[in-house]
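Asker: One structure is given below, represented as structure tokens, and several questions about it will come after.
The values are calculated or read from the model by the stated rules, or taken from the named source; none is laboratory data. All of these numbers come straight from a predicted model, not from anything done at the bench. For neighbour counting, all protein chains shown are included, and Cβ atoms are generated from backbone atoms with ideal geometry for every residue, glycine included. Note: areas computed on protein heavy atoms with side chains; ligands, DNA, RNA excluded. Shrake-Rupley method; radii C 1.70, N 1.55, O 1.52, S 1.80 Å.
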Amino acid sequence: MMKTPCRAACKNEGGICSGCKRTTREIAEWREMTDSQRDAIMSELEGTSMTHSCAKCGQPVHCDISAGKDTCWCFSVDRREPLKDASTCLCRKCLMEQPFA
Ligand SMILES: [Zn+2]
């Protein structure tokens, strides 16, 4: 069976699923991904693969840019207000809760 973080509590919050915290793009492309691509995203969601800690809640965050990629998962979601005085990106949950920009 294909691995999935889906908790059957899907609600699209401006491009992020409030249940599993995947972006709507990740959800749409999930079936086409390889097992290793899916494993990589699962690790990011679980916090076992991280680049820094969330500026707001301190939970692990995986920034694809910091990890050396050209794009980041956050580019595909609706833009949010940045957190004041934060120099690094928020985690998926905190970003989801920020007001739309
Ligand atoms: Zn956070």
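Asker: Residue by residue, what Karplus-based ³J(HN,Hα) values in Hz, rounded to whole numbers, does the stretch 65-76 have, using 6.51, -1.76 and 1.60 with θ = phi - 60° and x for Gly and Pro?
Answerer: 5, 4, 7, x, 8, 7, 10, 10, 3, 6, 5, 8
Asker: May I pose another question? Mind giving me the nanometre distance, one decimal, between the label points for Lys11 and Met33, set 7 Å out from Cα along Cα→Cβ?
Answerer: 2.3
Asker: While we're here: Among Gly47, Gly14, Gly68, which one shows the biggest mean-square fluctuation in a GNM of the chain, springs joining Cα atoms closer than 10 Å?
Answerer: Gly68
Asker: Oh, and also: For the chain, state the semi-axes of the equivalent ellipsoid (square roots of 5 times the eigenvalues of the alpha-carbon gyration tensor), sorted largest first and rounded to whole angstrom.
Answerer: Details: eigenvalues 92, 50, 30 Å².
Sorted largest first and rounded, they come to 21, 16, 12 Å.
Asker: Ok, one more. Charges at C-beta only: +1 for Lys and Arg, -1 for Asp and Glu. How large is the resulting dipole of the chain about its Cα centre, in Debye rounded to 20? Display every interim value, and only then the final one.
Answerer: Values: 15 positive and 14 negative charges, 58 e Å.
Result for the chain is approximately 280 debye, rounded to the nearest 20.
Asker: List every residue whose amide H lies under 5 Å from the amide H of Glu13, counting only residues 5 or more places away in sequence or on a different chain, with H placed 1.01 Å from N in the peptide plane.
Answerer: Ser18
Asker: State, as an integer percentage, the relative contact order of the stretch 24-97 based on alpha-carbon contacts under 8 Å between residues 6 or more apart.
Answerer: Values: 68 pairs, mean separation 19.1, N = 74.
Relative contact order here is 26 percent.
Asker: Once phi is turned into θ = phi - 60°, what whole-Hz ³J(HN,Hα) does the Karplus curve with 6.51, -1.76 and 1.60 give for every residue of the stretch 86-99, x standing for Gly and Pro?
Answerer: 8, 9, 10, 6, 7, 6, 4, 5, 5, 4, 4, 8, 6, x
Asker: Here is a further query. Accessible area per residue, 1.4 Å probe, Å², for the chain: what's the number?
Answerer: Values: 6420 Å² over 101 residues.
I get 64 Å² per residue for this part.
Asker: I need the phi-derived Karplus couplings for the stretch 5-15: 6.51 cos²θ - 1.76 cosθ + 1.60, θ = phi - 60°, integer Hz, Gly and Pro marked x.
Answerer: These are the phi-based 3J(HN,Hα) values: x, 4, 10, 6, 10, 6, 9, 7, 9, x, x Hz.
Asker: Can you send over the carbon and sulfur percentage of the accessible area for the stretch 1-72, probe radius 1.4 Å, protein chains only? Could the numbers behind the result be given before it?
Answerer: On the way: 2090 of 4450 Å².
C and S atoms contribute 47 percent here.
Asker: A further question follows. Helix 35-46 sits at what angle to the longest principal axis of the chain, using alpha carbons and giving 0 to 90 degrees rounded to 10?
Answerer: 40
Asker: Under 5 Å between amide hydrogens, which residues at least 5 positions from Arg80 or on another chain qualify, with H placed 1.01 Å from N in the peptide plane?
Answerer: Amide H neighbours of Arg80, under 5 Å, 5+ apart: Ala101.
Asker: For Glu46 and Lys84, what is the calculated FRET efficiency with R₀ set at 30 Å and r taken between the beta-carbons, to the nearest 0.05? Working shown, then result.
Answerer: Numbers: r = 28 Å, r/R0 = 0.95.
So the FRET efficiency works out to roughly 0.60.
Asker: Keeping all protein chains in position, work out how much accessible area Ile65 exposes to a 1.4 Å probe, and write it in Å² to the nearest 10.
Answerer: Spelled out: Ile65, probe radius 1.4 Å, area about 80 Å².
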